[in-house]
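Novice: The structure that follows is given in the form of C-alpha cells.
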Amino acid sequence: MSWATSFLFPAVSAAECPMSLPEQRLKEVIAQHRRGDHAAAEAGYRNHLKEFPSDPSALHFLGLLRSHQGRHAEAVKLMTSALEVDAEYVDAWSNLGVAYLKLRDFERAEFCSRKAIELAPNFANAWANLGMTLRARNNCEEALIAWGRALDLQPDMRNIAISYGHLLYR
C-alpha cells in the first residue's frame with residue numbers, strides 16, 4: 001500500500017467505525033425484543049422497515065418475533081424475505097427451519113437447517129435445530145448425531161443434552 005493510499009484510506013477497525021443512527025435504533029429494538037418487550041419491539045421493527053423495507057436483519061427479527069408469538073406462517077414469509085435480500089444470512093436460515101418445524105413442514109425445516117450448517121458448520125444452534133427436525137421425522141440415529149455435534153460445539157445446551165439423553169436411553 002502506498003503512503004498516499006494509507007493516508008487517504010487509513011485502516012480502521014470495525015470497533016472504531018461508529019454505527020449509523022438507523023443501525024443504533026435497530027440494535028435498541030433488538031434489545032427490547034430480547035428483554036421480552038414484544039410490543040415495543042414490534043413497533044420498532046415496523047418503523048425501521050418503513051424507512052428500510054429490505055433490511056434483512058429487521059425482516060428476520062420481526063419474523064423471529066412472529067414465531068415467538070406462534071404466528072409461524074407470518075414468520076416464514078418475513079424470514080424468506082430476509083433471505084431474498086441476503087441468501088447467506090445463517091441465523092435467518094436456522095430460524096426459518098424452526099418456523100417450518102413448528103408448521104410441521106419437516107422437509108423444508110431440514111433443508112433450512114442443513115443450509116445454515118452448510119454456511120456455518122460450527123453453528124451449534126443449526127445442528128440442534130437439525131436434530132429436532134430429524135427427531136420429529138423419527139430419524140433417531142441422525143438426530144443423535146446432529147445433537148451430539150451441537151453439544152460438541154456448545155456443551156451448555158441443556159435442553160439438547162436432555163433430549164439427547166432421553167433418545168439415547170429410550
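Novice: If Lys102, Lys115 are ordered by their accessible area, calculated over protein heavy atoms with a 1.4 Å probe, which sequence runs from highest to lowest?
Specialist: Details: Lys102 125, Lys115 50 Å².
So, going from the largest accessible area down, we get Lys102, Lys115.
Novice: Let me ask something else. Which listed residue (Gln24, Gly44, Ser54) has the Cα farthest towards the positive end of the charge dipole for the stretch 19-75, taking +1 on Lys and Arg C-beta and -1 on Asp and Glu C-beta about the Cα centre?
Specialist: After comparing all options, I get Gly44.
Novice: Let me ask something else. Ignoring ligands, DNA and RNA, what accessible area per residue does the chain give at 1.4 Å, in Å²?
Specialist: Per residue, the chain has 60 Å² of solvent-accessible surface.
Novice: Continuing with the same structure: So how far apart, in nm, are the two label points at Arg25 and Asn122 if each is 7 Å from Cα heading toward Cβ?
Specialist: Here the answer is 3.6 nm between the modelled labels.
Novice: Using only Cα atoms, figure out Rg for the stretch 69-170 and give it as a multiple of 2.2 N^0.38 Å.
Specialist: The stretch 69-170 yields a ratio of 1.03.
Novice: Between Asp37 and Asn159, how many nm apart are label points set 7 Å from Cα along the C-beta direction?
Specialist: With each label placed 7 Å out from Cα toward Cβ, I get 2.4 nm.
Novice: Where a Cα-Cα gap under 17 Å defines reach, which lysines qualify for Lys102, not counting those fewer than 8 residues away within the same chain?
Specialist: Candidates past the 8-residue exclusion: Lys77.
Novice: What does the charge dipole of the chain about its Cα centre add up to, to the nearest 20 debye, if the Cβ of each Lys and Arg holds +1 and the Cβ of each Asp and Glu holds -1? It would help to have the intermediate numbers written out before the result.
Specialist: On the way: 19 positive and 20 negative charges, 127 e Å.
Computed about the Cα centre, the dipole is about 620 debye.
Novice: Percent of accessible area on the chain owned by carbon and sulfur, 1.4 Å probe?
Specialist: Details: 5530 of 10280 Å².
Ligands and nucleic acids excluded, carbon and sulfur reach 54 percent.
Novice: Compute and list, largest first, the equivalent-ellipsoid semi-axes of the chain from the alpha carbon gyration tensor, each √(5λ) rounded to a whole angstrom.
Specialist: 33, 22, 15
The values are calculated or read from the model by the stated rules, or taken from the named source; none is laboratory data. Quantities reported herein were computed from a predicted structural model and do not represent experimental measurements. Note that each Cβ is placed from the backbone with ideal geometry, even for glycine, and that neighbours are counted across all protein chains shown. We work out accessible area using only protein heavy atoms, side chains counted, and drop any ligands, DNA or RNA first. Shrake-Rupley method; radii C 1.70, N 1.55, O 1.52, S 1.80 Å.
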